[in-house]
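**Q** Have a look at this one before I ask anything.
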Amino acid sequence: MKSELEQRTPAFGLISDVANTFSNDYARKLFAQTCFNHFFEFEVKKAYDRGLMKLPIYLSVGQEHIPAAIASVFADCLIFAQHRAHSVYLSFGGDPRQLIDELLSRPTGCARGMGGSASIHSPEIGMFGHSGLMGDQVPIAVGAALGAGKPVLTVMGDASAEEDYIYGALGFAVTKKLPVLFVCEDNDLSILTRTPVRRSWTLCGLAQGLGLPAVDITDDPWLIAHHVKQFSLQLPAVINIRTCRGLWHAGSGCDGPPEWDRFALIKDTMKMLGLERDALAIESDTERAVQNLWVEQLRKS
Amino acid sequence: MGRTVAEVIRDTTRHHLTHNHGLFLGQCVTAVGWIGGTVPAMSEAEGIVELSLADVTNAGIAVGAALAGRRPIYTVRYQGFMWYNAAPIVNYAAKSKDVWGVPCPVFLRAIAMEGNGIGPVASASQHGLIMRMPGMPVCAPMSPNEWTEAWNWFMRHDDPLYVSEHRRSFTIDYEFENRIEPEADITLFPISAARLNAVEAAKALRQEGIICNIQHLMWLKPFTVTDEMRGSLSRTKLGLVIDSDFEIGGPSRSMAYDLMHQSGAPVFALGLEDRSAGVAESLDNPTPTPERIVRVIRQLVRSGRNVPAGATIE
């Protein structure tokens, strides 16, 4: 029998018909943001592969729909993420042009070239940069919730969740009842080392042991939105999302097909919702719009 | 008689929490003595936040509170614990403005103590740990006015500030005066609790005819070599920086280097020995004692000009 950590399927924790609990208009917007993130990341990959970027890049391909789902139901918050956060930035309204410039090391980038791919930020959307110390955004997010008294989102990976200060941060947040949503994008990989090799415990088990509400689910965006909506009324809370990193930890390489292709599954759900034609139109329109955006931005010196 | 350093810290903290929407964060704050009498007896609702014993997490929480605009006073009860606490401070608070243009003003009170069998981890000053990283000014106030100067600097700027306090300062209710004498043999540059010991050593040395100029150092980073320091060194042609932090790789040697280059006079360094402190009194590794300072100065004045600068003294 597989251990709890190894229970990774595209249906893990899925609630049947959860997509039907949201409106069609919601589905269109969710899919549009997912497509934007998706095609943006492939444009990054293209530019990187052409040698236009002289810095490490952390692409969210395969995970790009997660922040789209969170942002669709959890707004007006402070945001603390780490590397692989292009889609977080875009989903919450960060300026894509400034992100392109940042990846091109331009002074007009969102962090004036100081942050690169891993340390992007946007004061306009309440998103703070990441130092590069894995997981340190989590206690900082808790401190921000203490100081600001408003909802805070913090996003970590399954490896960052192992940093010792995550335990302290979860513990302090639940002790002081701070409005923090902890999200773990669990792609089961620390670079290439799988989670069961690194630990025997789950983040949700740890969180629940501390008294936080927590769920461990697959990365279906409607399912994510469902739980985020519920948890937003009882923060602090933890959501561990089993997902698949499509490309390398850093760079644009690929070690083969992912365990599941969520982008394709989302399109299946759109079809099931009777939105196949809408989805096709959204996908092609968005792809073209993102490509044009990149062409325009690359043309600038 | 003026207020003590502890009273100044307590009153300033109360004002910050009452009038500035500030926060005070620390461990075991309300325990015996309220951190040497430096914390006002206020509640959590009023801004005194008791943290758990998770040092790295706590420093991150302080950083987050600073990003949220609360200008937290974050207190580390034992400066040796900065080895845990340093990570979020030097990697985030100190870099935030440079990297993202987002200020992260944390007032970090790191308290040194020594003696009473406190042992190898909790004892000693550790300001050198922070000084070597960019983005965070460092000071070591020992008097009421100096602490106030540090606080006023913090409130006028949007940078984090590392304040290396020493428990021995808490009862001090007077100010330190630099000492300049025309016939002095050596210029001393003491830091933190070493200032108390240097003053005592200078008194003892005077009995045997060795005169010491004293330039008290409070701002460690940025460190400015003043005209007065240069003038004193040009006359004594010999200097000694004395610190409560470790000597090897520490602030005393770094500052001696600056002083030497800017004055042309040999300047030596004296700090904690390169060994772990033991709990037994005889095995402690404290701030250079007056007796140790006296021995070193005697040696330097009598033969020091022949000792290569940077050589281990004693």
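**Q** Take segment B:257-297 and flag every residue that is surrounded by 17 or more Cβ atoms within 10 Å (Cβ to Cβ) and farther than 26 Å from B:Pro120 by Cα.
**A** B:Leu259, B:Met260, B:Ser263, B:Ala265, B:Pro266, B:Val267, B:Ile297
**Q** Among the residues of segment A:149-166, write down those that are surrounded by fewer than 20 Cβ atoms within 10 Å (Cβ to Cβ) and either at the interface with another protein chain (Cβ under 8 Å from one of its Cβ atoms) or assigned to a helix (DSSP H, G or I) (or both).
**A** Residues satisfying the conditions are A:Glu162, A:Asp164.
**Q** All but one of (1) in contact with a strand residue (DSSP E or B) (Cβ under 9 Å, 6 or more places away or on another chain); (2) surrounded by 24 or more Cβ atoms within 10 Å (Cβ to Cβ) hold for B:Phe154; state the number of the condition that does not hold.
**A** Going through (1) in contact with a strand residue (DSSP E or B) (Cβ under 9 Å, 6 or more places away or on another chain); (2) surrounded by 24 or more Cβ atoms within 10 Å (Cβ to Cβ) one by one, B:Phe154 breaks only (2).
**Q** Condition (residue is at the interface with chain A (Cβ under 8 Å from one of its Cβ atoms) and either crowded, with 24+ Cβ neighbours inside 10 Å or modelled with pLDDT of 95 or more (or both)) applied to segment B:21-31: is it met by at least one residue? Outline the logic, then answer.
**A** Our first condition is that a residue be at the interface with chain A (Cβ under 8 Å from one of its Cβ atoms); within segment B:21-31, this holds for B:23.
Cutting the leftovers down to either crowded, with 24+ Cβ neighbours inside 10 Å or modelled with pLDDT of 95 or more (or both) gives us B:23.
Yes; the residues of segment B:21-31 include at least one that is at the interface with chain A (Cβ under 8 Å from one of its Cβ atoms) and either crowded, with 24+ Cβ neighbours inside 10 Å or modelled with pLDDT of 95 or more (or both).
**Q** To continue, here is another question. Which of (1) over 19 Å from the mean Cα position of the chain (by Cα); (2) crowded, with 22+ Cβ neighbours inside 10 Å; (3) basic (Lys, Arg) is the odd one out, the single condition B:Arg195 does not satisfy?
**A** Against the list (1) over 19 Å from the mean Cα position of the chain (by Cα); (2) crowded, with 22+ Cβ neighbours inside 10 Å; (3) basic (Lys, Arg), B:Arg195 comes up short only on (1).
**Q** Limited to segment B:45-65, what total is found for residues that are more than 8 Å from chain A (Cβ to nearest Cβ) and free of Cβ contacts under 8 Å to residues at least 12 places away in the same chain?
**A** Counting residues in segment B:45-65 that are more than 8 Å from chain A (Cβ to nearest Cβ) and free of Cβ contacts under 8 Å to residues at least 12 places away in the same chain gives 1.
**Q** Also, I was wondering about something else. Yes or no: A:Ala281 modelled with pLDDT of 95 or more, of a type outside the set (Ser, Thr, Tyr), loosely packed, with under 15 Cβ neighbours inside 10 Å and farther than 30 Å from A:Arg194 by Cα?
**A** yes
**Q** I'd like the full set of residues that are aliphatic (A, V, I, L, M), more than 30 Å from A:Lys46 (Cβ to Cβ) and not in a strand (DSSP E or B), limited to segment A:228-255.
**A** Just the residues of segment A:228-255 that are aliphatic (A, V, I, L, M), to begin with: A:228, A:233, A:235, A:237-239, A:241, A:247, A:250.
Filter again for more than 30 Å from A:Lys46 (Cβ to Cβ), leaving A:228, A:233, A:235, A:237-239.
Those that are aliphatic (A, V, I, L, M), more than 30 Å from A:Lys46 (Cβ to Cβ) and not in a strand (DSSP E or B): A:Val228, A:Leu233, A:Leu235.
**Q** For A:Met134, only one of the following conditions fails: (1) in a loop (DSSP other than H, G, I, E, B); (2) free of Cβ contacts under 8 Å to residues at least 40 places away in the same chain; (3) more than 8 Å from every other protein chain (Cβ to nearest Cβ). What is its number?
**A** It is condition (2) that A:Met134 fails.
**Q** Among the listed residues A:Gly135, A:Gly147, A:Gly126, A:Gly157, which satisfies the condition of being touching a Cys at 6+ places or on another chain (Cβ under 8 Å), under 21 Å from B:Lys95 (Cα atoms) and not aromatic (Phe, Trp, Tyr)? Reasoning before the result, please.
**A** Numbers: A:Gly135 fails: touching a Cys at 6+ places or on another chain (Cβ under 8 Å); A:Gly147 fails: touching a Cys at 6+ places or on another chain (Cβ under 8 Å); A:Gly157 fails: under 21 Å from B:Lys95 (Cα atoms).
Result of the check over A:Gly135, A:Gly147, A:Gly126, A:Gly157: A:Gly126.
**Q** Tally the residues that are under 17 Å from A:Leu212 (Cβ atoms), touching a helix residue (DSSP H, G or I) at 6+ places or on another chain (Cβ under 7 Å) and not in a strand (DSSP E or B), restricting the search to segment A:176-188.
**A** Selection size over segment A:176-188: 3.
**Q** Then there's this: Could you tell me which of the residues B:Met113, B:Met42, B:Met131, B:Met136 is touching a strand residue (DSSP E or B) at 6+ places or on another chain (Cβ under 6 Å), farther than 28 Å from A:His121 by Cα, surrounded by fewer than 24 Cβ atoms within 10 Å (Cβ to Cβ) and more than 10 Å from chain A (Cβ to nearest Cβ)? Spell out the reasoning first.
**A** Values: B:Met113 fails: touching a strand residue (DSSP E or B) at 6+ places or on another chain (Cβ under 6 Å); B:Met131 fails: farther than 28 Å from A:His121 by Cα; B:Met136 fails: farther than 28 Å from A:His121 by Cα.
None of the other options fit; the residue is B:Met42.
**Q** Then there's this: Looking at A:Ala225, A:Ala145, A:Ala173, which is the one that is away from every other protein chain (no Cβ under 14 Å), among the small types (Gly, Ala, Ser) and either crowded, with 23+ Cβ neighbours inside 10 Å or part of a strand (DSSP E or B) (or both)?
**A** Values: A:Ala145 fails: away from every other protein chain (no Cβ under 14 Å); A:Ala173 fails: away from every other protein chain (no Cβ under 14 Å).
The conditions single out A:Ala225.
**Q** Moving to a separate point now. Looking only at residues in segment B:66-83 that are of a type in the set (A, V, I, L, M, F, W, C) and within 18 Å of B:Met133 (Cβ to Cβ), which one is nearest to the other protein chains (Cβ to nearest Cβ)? Explain how you work it out, then say what you get.
**A** Taking segment B:66-83 as the starting set, the residues that turn out to be of a type in the set (A, V, I, L, M, F, W, C) are B:66-68, B:73, B:76, B:81-83.
Next, from what is left, pick out any that are within 18 Å of B:Met133 (Cβ to Cβ): B:66, B:76, B:81-83.
Working: B:Ala66: 7, B:Val76: 15, B:Phe81: 14, B:Met82: 15, B:Trp83: 14 Å.
That would be B:Ala66.
**Q** Sticking with this structure for a sec: Do you know which residues across segment A:189-222 are in contact with a Gly (Cβ under 7 Å, 6 or more places away or on another chain) and assigned to a helix (DSSP H, G or I)?
**A** Taking segment A:189-222 first, the residues in contact with a Gly (Cβ under 7 Å, 6 or more places away or on another chain) are A:210, A:215-218.
Selection gives A:Leu210 alone.
**Q** Further, regarding this structure: Residue pairs, Cβ under 6 Å, 6 or more apart or interchain, first in segment B:110-133 and in the same structural domain as B:Phe24 (by TED's automatic domain parsing), second surrounded by fewer than 16 Cβ atoms within 10 Å (Cβ to Cβ). List them.
**A** B:Gly117/B:Val279; B:Gly119/B:Val279; B:Pro120/B:Ser276
**Q** Could you grab me the full set of residues in segment A:75-98 that are assigned to a loop (DSSP other than H, G, I, E, B) and either touching a His at 6+ places or on another chain (Cβ under 9 Å) or surrounded by fewer than 21 Cβ atoms within 10 Å (Cβ to Cβ) (or both)? Spell out how you get there, then give the answer.
**A** Step one: of segment A:75-98, the residues assigned to a loop (DSSP other than H, G, I, E, B) are A:75-77, A:81-85, A:92-95.
A:Ala75, A:Asp76, A:Ala81, A:Gln82, A:His83, A:Arg84, A:Ala85, A:Gly93, A:Gly94, A:Asp95, listed by residue number.
**Q** Can I ask one more? Can you tell me which residue among A:Lys54, A:Lys2 is modelled with pLDDT under 95, within 22 Å of A:Pro96 (Cβ to Cβ) and not in a helix (DSSP H, G or I)? Even if it seems obvious, please write down each step before you answer.
**A** Details: A:Lys2 fails: within 22 Å of A:Pro96 (Cβ to Cβ).
Only one candidate qualifies: A:Lys54.
**Q** To continue, here is another question. Here is a list: A:Phe80, A:Phe74, A:Phe12. Which entry is within 25 Å of A:Ser160 (Cα to Cα) and within 14 Å of another protein chain (Cβ to nearest Cβ)?
**A** Working: A:Phe74 fails: within 14 Å of another protein chain (Cβ to nearest Cβ); A:Phe12 fails: within 14 Å of another protein chain (Cβ to nearest Cβ).
Of A:Phe80, A:Phe74, A:Phe12, the one residue that is within 25 Å of A:Ser160 (Cα to Cα) and within 14 Å of another protein chain (Cβ to nearest Cβ) is A:Phe80.
**Q** Another question, if that's okay. Considering segment A:106-125 alone, what residues qualify as being under 17 Å from the mean Cα position of the chain (by Cα) and more than 10 Å from chain B (Cβ to nearest Cβ)?
**A** Within segment A:106-125, the subset under 17 Å from the mean Cα position of the chain (by Cα) is A:117-122, A:125.
A:Ser117, A:Ala118, A:Ile125, listed by residue number.
**Q** If you don't mind, another one. Let me spell it out: the conditions are (1) within 14 Å of another protein chain (Cβ to nearest Cβ); (2) surrounded by 23 or more Cβ atoms within 10 Å (Cβ to Cβ), and A:Asp186 meets all of them except one. Which number is the exception?
**A** (1)
**Q** Quick test for you: out of B:Ala86, B:Ala94, pick the one residue that is more than 19 Å from A:Lys176 (Cα to Cα), more than 7 Å from chain A (Cβ to nearest Cβ), in contact with a Gly (Cβ under 7 Å, 6 or more places away or on another chain) and surrounded by 21 or more Cβ atoms within 10 Å (Cβ to Cβ). Even if it seems obvious, please write down each step before you answer.
**A** On the way: B:Ala86 fails: in contact with a Gly (Cβ under 7 Å, 6 or more places away or on another chain).
Testing whether each residue is more than 19 Å from A:Lys176 (Cα to Cα), more than 7 Å from chain A (Cβ to nearest Cβ), in contact with a Gly (Cβ under 7 Å, 6 or more places away or on another chain) and surrounded by 21 or more Cβ atoms within 10 Å (Cβ to Cβ) leaves just B:Ala94.
The values are calculated or read from the model by the stated rules, or taken from the named source; none is laboratory data. In this text, all values refer to a predicted model and were calculated from it rather than measured experimentally. When we count neighbours, we look across all protein chains shown, and the Cβ atoms used for this are built from the backbone with ideal geometry, even at glycine.
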